[in-house]
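K.L.:
First the structure, then my questions, so here it is.
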Number of protein chains: 2
Amino acid sequence: MTEQMTRPLGLRERKKLKAMRHIQRVALDLFDRDGYAHVTIERIAAEAEVSPSSIYRYFGTKEMIVLWDEYDPIMLQAFDDRLAAQDPISALREVLTEVVTAAMFDQDEQFIRRRMTYMMEEPSVRASMGRQADETAVQLRQTIAKHTGRDPDGLELRVVTVALISAFMEAIAYWHDSGYRDSLREIVDGALDVIERGLRVG
Amino acid sequence: MTEQMTRPLGLRERKKLKAMRHIQRVALDLFDRDGYAHVTIERIAAEAEVSPSSIYRYFGTKEMIVLWDEYDPIMLQAFDDRLAAQDPISALREVLTEVVTAAMFDQDEQFIRRRMTYMMEEPSVRASMGRQADETAVQLRQTIAKHTGRDPDGLELRVVTVALISAFMEAIAYWHDSGYRDSLREIVDGALDVIERGLRVG
DNA sequence: TTCTGAACTGCGAGGCACTGTCAGTTGACC
DNA sequence: GGTCAACTGACAGTGCCTCGCAGTTCAGAA
């Protein structure tokens, strides 16, 4: 069992989280003002009153300043929990709709949309998101394999997993392209329907 | 109609193509010897006897030296051609199996495998491939929309397209991870089957 | 064949993301 | 309160990539 309990969280980790939130917020403000490419790490560091070294230690790359989301690991955990009593598809569907939309109102939705815009429109950020999706896919299929006894490295499970993830990401892209008009939850639901039902020849 | 005939190809373009092939081959040799990260553009340029500027003009980025494939545009064209008389799924299936495997013996397969290894194992190359896949997805769904009258920006077509492409890429990854043991054609066929039939709850 | 414009090439300078190291500091655990 | 590990900032360096400029090469017409 992956006993990943939400431990009390020491002072050290609390400070780090606070710093990361602060840096991300400062960075996004600068990006909005001057454009992603024209804002240097050095400027973000100065504005946030930390050293550039720290930013790299926290986020690793410039793109991860946009991509980082403190609730990401919670998603995977929520999925793992539900898998004990549910089939993978509906478990994933619930996590991707209920939990995602729930988290979006814990944080404010406006902030998520601002991040989303850079994920969609800044090529380097989008590429990094793709890499992140790959890693998520690996964890996801291992989790599914653990609960269902399937071969985690079999072609079928691998293909199913990436199809679901890329459907989710395309739902987000669709949401963005249509000006965040409709509810994300419905779009994600619709995208998963398409994958689940399979292809119909027009 | 996208009358993209294979025009006679002037001297200028012929030289450029020859240079790009040469640079790619030289670069891969160096990568194999010293590792992707330890080979600088400057070294590639020196070894290939061109200027670093030219490499950037040809490929744009270091990753594209690995990713570039002169037959890529031909694939899309082949797909467009078949779409006039076939449904999208089987047209894509044919292109992704027949044409891909055919092109692999025009060039030598060993060379493609070497490139593939960097695409799979070098994170930055893999990320760039993801970006390239996104662009392909856009063109693909516009082509399908043109032939079937569907909405090119509708959620359903968007999701179907990215699902097919990511299934194809996962097939390649599977092929790589299993040591290039089975035939790529069969793996791709199997991956497309999974998408086409839809998901079964275990 | 020769002329003219456009495309291509190499060169040099520079910006900036990112890495590694090293002292100095701060929180964790006894 | 003391010890150790983890974190932080400062600094130097590497290499990808961009831009502008001058010289060269090809394409299309005269």
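K.L.:
Taking every pair of distinct Cα atoms and averaging 1/r, then inverting, what Kirkwood hydrodynamic radius in Å comes out for the protein assembly as shown?
P.N.:
Details: mean 1/r = 0.0430 Å⁻¹.
It is 23.2 Å.
K.L.:
Compare each residue of segment A:144-183 in its chain alone against the assembly with all protein chains, and report those whose accessible area goes down by 20 Å² or more; 1.4 Å probe, heavy atoms.
P.N.:
By number: A:150, A:155, A:156, A:158, A:159, A:160, A:162, A:163, A:166, A:170, A:174, A:177.
K.L.:
How big is the accessible area of residue A:144 in square angstrom, nearest 10, if you roll a 1.4 angstrom probe over the protein chains?
P.N.:
Answer for residue A:144: close to 10 Å² accessible.
K.L.:
Put +1 on the Cβ of every Lys and Arg and -1 on every Asp and Glu Cβ in chain A; which of A:119, A:10, A:59 then has its Cα farthest towards the positive end of the dipole?
P.N.:
Of the options given, the answer is A:10.
K.L.:
If you place +1 on the Cβ of every Lys and Arg, -1 on the Cβ of every Asp and Glu, and leave all else neutral, what size is the dipole of the protein assembly as shown about its Cα centre, to the nearest 20 Debye?
P.N.:
Numbers: 54 positive and 68 negative charges, 182 e Å.
With only Lys, Arg, Asp and Glu charged at Cβ, the dipole is about 880 debye.
K.L.:
Can you tell me which of A:115, A:25, A:14 moves the most in a GNM of chain A? Springs connect C-alpha atoms under 10 Å apart.
P.N.:
Sorting by GNM fluctuation, first place goes to A:14.
K.L.:
Shifting gears a bit: Any chance you could give the angle, 0 to 90 degrees and rounded to 10, that helix B:184-197 forms with the longest Cα principal axis of chain B?
P.N.:
40
K.L.:
Could I ask something else about it? At a 1.4 Å probe radius, which order do A:36, A:71 fall into by accessible area, largest first? Provide the component values of the computation, followed by the final result.
P.N.:
Values: A:36 15, A:71 60 Å².
From most accessible down to least: A:71, A:36.
K.L.:
Enter the mean projected area of the convex hull around the alpha-carbon atoms of chain A, in nm², rounded to one decimal. All intermediate terms of the calculation are to be shown ahead of the outcome.
P.N.:
Details: hull surface 52.9 nm².
One quarter of the hull surface, i.e. the mean projection, equals 13.2 nm².
K.L.:
To the nearest 10 degrees, how steep is helix B:11-34 against the longest Cα principal axis of chain B, on a 0 to 90 scale?
P.N.:
For B:11-34 against chain B, the angle is about 80 degrees.
K.L.:
On average, how much accessible surface per residue is there in segment B:77-190, in Å², for a 1.4 Å probe, leaving out ligands, DNA and RNA?
P.N.:
Numbers: 4870 Å² over 114 residues.
Value for segment B:77-190: 43 Å² per residue.
K.L.:
Let me ask something else about it. Leaving out ligands, DNA and RNA, and with a 1.4 Å probe, what % of the accessible surface on segment A:72-197 is carbon or sulfur?
P.N.:
On the way: 2750 of 5440 Å².
After summing per-atom areas, the C and S share lands at 51 percent.
K.L.:
Residue B:15: which lysines have alpha carbons under 21 Å from its alpha carbon, excluding same-chain residues fewer than 8 sequence positions away?
P.N.:
Cα-Cα hits under 21 Å: B:62.
K.L.:
Treat every Asp and Glu Cβ in segment A:72-197 as -1 and every Lys and Arg Cβ as +1, leave all other atoms uncharged, and give the resulting dipole magnitude about the Cα centre to the nearest 20 debye. Let's see the in-between values first.
P.N.:
Numbers: 14 positive and 23 negative charges, 37 e Å.
That gives a dipole near 180 debye.
K.L.:
Checking an interface number: how much accessible area is buried between B and A, summed over both chains, with a 1.4 Å probe, in Å² rounded to 100?
P.N.:
Values: alone 12280 and 12290 Å², together 21400 Å².
Between B and A, the summed buried area is about 3200 Å².
K.L.:
Enter the angle in degrees (range 0 to 90, nearest 10) between the Cα long axis of helix B:109-121 and the first principal axis of the Cα atoms of chain B, meaning the one along which they spread out most.
P.N.:
Once rounded, one gets 80 degrees.
K.L.:
I've got another one for you. Given R₀ = 41 Å, what would the calculated FRET efficiency be for residue B:153 paired with residue A:81, taking r from the Cβ atoms and rounding to 0.05? Mind dumping the intermediate values first?
P.N.:
Values: r = 36 Å, r/R0 = 0.88.
The calculated FRET efficiency here is 0.70.
K.L.:
Quick one: order A:63, B:170 from most to least accessible surface, probe 1.4 Å. Please list the in-between numbers first.
P.N.:
Values: A:63 40, B:170 20 Å².
Ranked from most to least accessible, the order is A:63, B:170.
K.L.:
What is the extension gain from residue A:74 to residue A:13, computed as 0.36 nm multiplied by their sequence separation minus the C-alpha to C-alpha distance, in nm to one decimal? Mind showing how you got there, number by number?
P.N.:
Values: separation 61, 0.36 × 61 = 21.96 nm, distance 1.62 nm.
Value of the extension gain: 20.3 nm.
The values are calculated or read from the model by the stated rules, or taken from the named source; none is laboratory data. What you see is a predicted model, and the numbers here were worked out from it, not measured in a lab. Virtual Cβ from ideal backbone geometry, glycine too; neighbours counted across all protein chains shown. All accessible areas refer to the heavy atoms of the entire protein, side chains included, with ligands and DNA or RNA removed. Shrake-Rupley method; radii C 1.70, N 1.55, O 1.52, S 1.80 Å.
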